[in-house]
1. For the chain, with only Lys/Arg (+1) and Asp/Glu (-1) charged at the beta-carbon, what is the dipole magnitude about the Cα centre, in debye rounded to 20?
2. Using the heavy atoms of the protein chains alone and a 1.4 angstrom probe, what is the accessible area of the chain per residue in square angstrom?
3. Pairing the Cα long axis of helix 109-118 with the longest principal axis of the chain, what angle in degrees results, from 0 to 90 and rounded to the nearest 10?
4. Select from VAL40, VAL52, LEU169 the residue farthest towards the positive end of the dipole of the chain; place +1 on Cβ of Lys and Arg, -1 on Cβ of Asp and Glu, and compute about the Cα centre.
5. By how many degrees, 0 to 90 and rounded to 10, does the Cα axis of helix 50-59 deviate from the longest principal axis of the chain?
6. Using θ = phi - 60° and the Karplus curve 6.51 cos²θ - 1.76 cosθ + 1.60, what whole-Hz ³J(HN,Hα) does each residue of the range 91-107 get, with Gly and Pro shown as x?
7. Leaving ligands, DNA and RNA out of it, report the carbon-plus-sulfur percent of the accessible area of the chain at a 1.4 Å probe.
8. Let's test the formula: R0 of 45 Å, r as the Cβ-Cβ distance of THR194 and ASP222. What FRET efficiency results, to the nearest 0.05?
Amino acid sequence: MPRSKRSKLVTLAQTDKKGKENKIRIFDEVRSALDEFRFVWVIRSMMFRISVLQDIRSDWTGSQLLMGKRKVLEKALGEKPEDEYKDNLHKLSKSCTGVSGLLFTDETPETVTAYFSAYSKQDYSRAKTKAPIDFVIPEGIVYSRGGQIPIEEDVPMSHSVEETLRNKLKVPTRIKSGKITLSEPYVVCRKGDTLDVRQALLLKQFGVAASEFKPELVAYFDNEDNQVTKVDQN
């Protein structure tokens, strides 16, 4: 096994007591896992939903997935040769960009890449992400799925939601004969638009779970030869 660099003193950024304790915990967990597992992978995504993390942790029992602030993960691995925990880990540290996590495992690279190539999860879009589809609420009675399915398979949206649609979500609805209605089609978003909070809430209100969340493997470190390998999933 390659030598470790446990003697190096690393200072974490000043923060409140609770925040500092959490940073220290993650820092220590990363370094402990580096000694326990052969491989450490950097996994990146636009965001990690709780459901995605639960899936991965459930499927990878016997391995360890750690999430933390980018700077904490970088410091735990080592940002420069002089403060890296093990030789060449500073090269892996450079891959911790955006929203990243570290997967520690003894499974082969072939097993890891096969799993993440196949994994994807449909979920609701969040603000500041790209709209997955064109979504236009048809004129007339507003149905719970907003025209995504035939009306004979849908139900009119409850009148109790009308005030929220009109006042909070700025959809020009009104009550007519006890039903929520629109006098003309209402464009919520166009595919590729950057969603704001209101648009994301409307997509969720109408059950539009069309965004695909697919974690991306960036690179991995092998404890046996101290080498960092970048991953090309294209």
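1. My answer is approximately 1120 debye.
2. Details: 12980 Å² over 234 residues.
Heavy-atom SASA per residue in the chain reads 55 Å².
3. 10 degrees
4. LEU169
5. 50 degrees
6. Residue by residue, the range 91-107 yields 5, 6, 4, 5, 7, 7, 10, x, 8, 10, x, 10, 9, 9, 7, 9, 5 Hz.
7. Answer for the chain is 49 percent, counting heavy atoms of protein chains only.
8. It comes to 0.70.
The values are calculated or read from the model by the stated rules, or taken from the named source; none is laboratory data. Predicted, not measured: the structure shown is a model, and the values here were computed from it. Using ideal geometry, Cβ is built from the backbone for each residue, glycine included, and neighbour counts are taken over all protein chains shown. SASA here: full protein model, heavy atoms, side chains in, ligands and nucleic acids out. Shrake-Rupley method; radii C 1.70, N 1.55, O 1.52, S 1.80 Å.
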